[in-house]
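The values are calculated or read from the model by the stated rules, or taken from the named source; none is laboratory data. Keep in mind it's a predicted model, so treat the numbers as computed, not measured. Glycine gets a Cβ as well: all are built from the backbone with ideal geometry, and neighbour counts include every protein chain shown.
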Amino acid sequence: MAAPVPPPRDAILADVRRALQEDLGSGDITAALLPDVPERACLLCKEPAVVAGAPWFEACHRELDPQVRIEWRVADGDRVEAGTVLAVLEGRSRALVSAERTSLNFMQTLSGTATTTATYVEAVRGTGATILDTRKTLPGLRLAQKYAVRAGGGANHRIGLFDTVMLKENHIRVAGSVSAAIAAARAAQPGLPLVVEVETLEQLREALSCGCDRILVDDFGPEERREAVRIARAAPFDGQIPLEVSGSVELAGLRAIAEDGVDFISIGALTKHVRAIDLSMKLGAPPA
């Protein structure tokens, strides 16, 4: 697949500068012991993975050595095997060493998110269901992790509380009903997407009748979920409003949910339960 479009450069630089300051502080006192000479290094992946994070990796190194050369041998979104050389770098020895940990932290975390996402995407392949992320991201790394989800073949839910109106249980309770909540949301934000979370089939029918951009069926059991799909696809609604499943979704039961006919499945574990991919960066020529 094609590499995903990264966030704006300013957003990447903000992530990188914050992380470098955290690590370098007043300066890398150990790297200062090295002679500052031209050097090579290689980025090695030590386990099977889906790669993600190249823009952040590059920005880390260019912040400390604008002249560094980075030759990528893979692209974000590529699936690689253990022992794959991802990139070869040529730059100043001190800058390479100083940027190493921070650049790896970004790369291993985002590759972990991409790899997990790819596993979920593969589990529903052929069903027509799309895997979505959530807002359950590492603080300060939302755009980075959502990029990694795209690298793994998933799609993004709303970025934050500002770009999509999402009516949940509390909003509906305060408004008095699903229809009242939808009417208030449309009046206040007519230009934004509207997602409505429902907890019963009665609420589902109400949301379908009032109209919105997507309906989230939250914690429905299998029979209730299949009935929700039947209702949404039958006349008079005719499948015009897609259904999303969220809540208590685990990999083991994922395909069964997708085969029920829902359009989207949102999974917090893609970005919340992060297991970093094992990467290393070594000075010297890459292994043969």
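Structural remarks
- Helices (runs of 4 or more DSSP H) contained in segment 108-203 and holding at least 1 residues of a type in the set (A, V, I, L, M), farther than 29 Å from PRO6 by Cβ and touching a His at 6+ places or on another chain (Cβ under 8 Å): 178-188
- Output for segment 75-84, where each listed residue is buried (at least 18 other Cβ atoms within 10 Å of the Cβ) and of a type outside the set (Gly, Ala, Ser): ASP76, ASP78, VAL80, THR84
- Looking across ALA144, ALA155, one residue alone is touching a strand residue (DSSP E or B) at 6+ places or on another chain (Cβ under 9 Å), outside the structural domain of CYS60 (by TED's automatic domain parsing), aliphatic (A, V, I, L, M) and within 30 Å of VAL50 (Cα to Cα). It is ALA155.
- Among the candidates GLU259, GLU202, GLU206, GLU250, the residue that is surrounded by fewer than 16 Cβ atoms within 10 Å (Cβ to Cβ), more than 26 Å from the chain's Cα centre (by Cα) and not assigned by TED's automatic domain parsing to the domain that holds THR109 is uniquely GLU202.
- Failed criterion for ALA52 (all others in (1) in contact with a Leu (Cβ under 8 Å, 6 or more places away or on another chain); (2) outside any loop (DSSP other than H, G, I, E, B) hold): (2)
- Taken together, ALA87, ALA114 contain a single residue that is farther than 30 Å from ILE265 by Cβ and under 25 Å from the mean Cα position of the chain (by Cα), which is ALA87.
- Answer residue from segment 27-44, given it is in a loop (DSSP other than H, G, I, E, B) and of a type outside the set (Val, Ile, Thr) and is surrounded by the fewest Cβ atoms within 10 Å (Cβ to Cβ) among those: PRO35
- On the stretch given as segment 89-102, residues that are touching a strand residue (DSSP E or B) at 6+ places or on another chain (Cβ under 7 Å) and either closer than 14 Å to LEU279 by Cβ or outside the structural domain of LEU33 (by TED's automatic domain parsing) (or both) total 2.
- Some residue of segment 158-167 being more than 26 Å from the chain's Cα centre (by Cα) and free of Cβ contacts under 8 Å to residues at least 40 places away in the same chain: no
- Failed item in (1) in contact with a Pro (Cβ under 9 Å, 6 or more places away or on another chain); (2) in a helix (DSSP H, G or I); (3) under 23 Å from ALA11 (Cα atoms), with ARG94 passing the rest: (3)
- Residues that are under 26 Å from GLY160 (Cβ atoms) and either surrounded by 13 or more Cβ atoms within 10 Å (Cβ to Cβ) or in contact (Cβ under 8 Å) with a residue 40 or more places away in the chain (or both), drawn from segment 170-188: HIS171, ILE172, ALA175, VAL178, ALA180, ALA181, ILE182, ALA183, ALA184, ALA185, ARG186
- Test for ALA228: is it assigned by TED's automatic domain parsing to the domain that holds ALA144, assigned to a helix (DSSP H, G or I), in contact with a Gly (Cβ under 8 Å, 6 or more places away or on another chain) and modelled with pLDDT of 95 or more: no
- Candidates ASP213, ASP218: the one that is surrounded by fewer than 21 Cβ atoms within 10 Å (Cβ to Cβ), in the same structural domain as ILE267 (by TED's automatic domain parsing), closer than 21 Å to SER266 by Cα and modelled with pLDDT under 95 is ASP218.
- Once segment 132-169 is narrowed to residues that are of a type in the set (Ser, Thr, Tyr) and out of contact with any Ser or Thr (no Cβ under 8 Å at 6 or more places or on another chain), the residue that is surrounded by the fewest Cβ atoms within 10 Å (Cβ to Cβ) is THR164.
- Filtering ALA41, ALA31, ALA3 for residues that are farther than 17 Å from LEU138 by Cβ and not assigned by TED's automatic domain parsing to the domain that holds ALA95 leaves a single hit, ALA3.
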